[in-house]
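Peer 1: Dumping the structure here so I can ask a few things about it.
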Amino acid sequence: MVKKKFLRFTQEKKLEPVEEEVVEKKESNRKFLGYLSVAFELGFTISLPIAGGALLGQFLDARLQTSPRMTLSLIFLGLMVAGFYIYSLIKESR
């Protein structure tokens with residue numbers, strides 16, 4: 001943060017000097033990129049185990065001829081893995 005001096009109008013319509021801390025643009029860009037990386041991480045954390053479970057389940061169902069059983073089981077397992085990972089991220093951030 002950088003302290004900068006400004007002139008402001010008071011209610012009596014006079015200018016008075018004011019000193020405020022201003023966030024530099026580089027710092028705000030870093031924060032934005034940090035938030036963006038967390039959003040992407042959460043998206044991949046949720047979607048990859050579920051999609052992987054669905055694809056692997058379909059492959060195993062075709063090989064073993066167990067129609068929806070393996071697909072549903074592995075999708076559920078993917079949901080559990082994603083939930084556990086998000087839980088650990090939340091617990092770690094505290």
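Peer 1: Over the chain, calculate the relative contact order: mean separation of alpha carbon pairs under 8 Å at least 6 apart, over the residue count, as a percent. Each step should come with its number before you reach the end.
Peer 2: On the way: 91 pairs, mean separation 18.8, N = 94.
20 percent.
Peer 1: Student exercise: in the chain, how many lysine pairs 8 or more apart or on different chains have Cα atoms under 22 Å apart?
Peer 2: Counting lysine pairs in the chain gives 13.
Peer 1: Which whole-Hz ³J(HN,Hα) couplings does the range 26-36 yield from phi under the Karplus relation 6.51 cos²θ - 1.76 cosθ + 1.60, θ = phi - 60°, glycine and proline marked x?
Peer 2: Each residue of the range 26-36 in turn: 4, 5, 5, 5, 5, 5, 4, 5, x, 5, 5 Hz.
Peer 1: Could you tell me which residue out of Tyr85, Gln58, Gly34 lies farthest along the dipole of the range 2-93 toward its positive end? Charges go on the beta carbon: Lys and Arg +1, Asp and Glu -1, centred on the Cα centre.
Peer 2: So the residue we want is Gly34.
Peer 1: Starting at the first residue of the range 58-70, write each ³J(HN,Hα) from the Karplus equation 6.51 cos²θ - 1.76 cosθ + 1.60 with θ = phi - 60°, in whole Hz, x for Gly and Pro.
Peer 2: Taking θ as phi minus 60°, the curve returns 5, 4, 5, 5, 5, 6, 9, 6, 10, 4, x, 4, 5 Hz for the range 58-70.
Peer 1: Write down the Å³ per residue value for the convex hull defined by the alpha carbon atoms of the range 2-93.
Peer 2: In the range 2-93, the Cα hull volume divided by residue count equals 151 Å³.
Peer 1: Separate question: Distance in nm between label sites at Lys26 and Leu64, each 7 Å beyond Cα in the beta-carbon direction?
Peer 2: 5.6
Coordinate-derived values only; no laboratory data. Treat the numbers as computed from the prediction; the structure is a model and nothing was measured. Methodologically, a virtual Cβ is constructed for each residue, glycine included, from the backbone with ideal geometry; neighbour enumeration extends over all protein chains shown.
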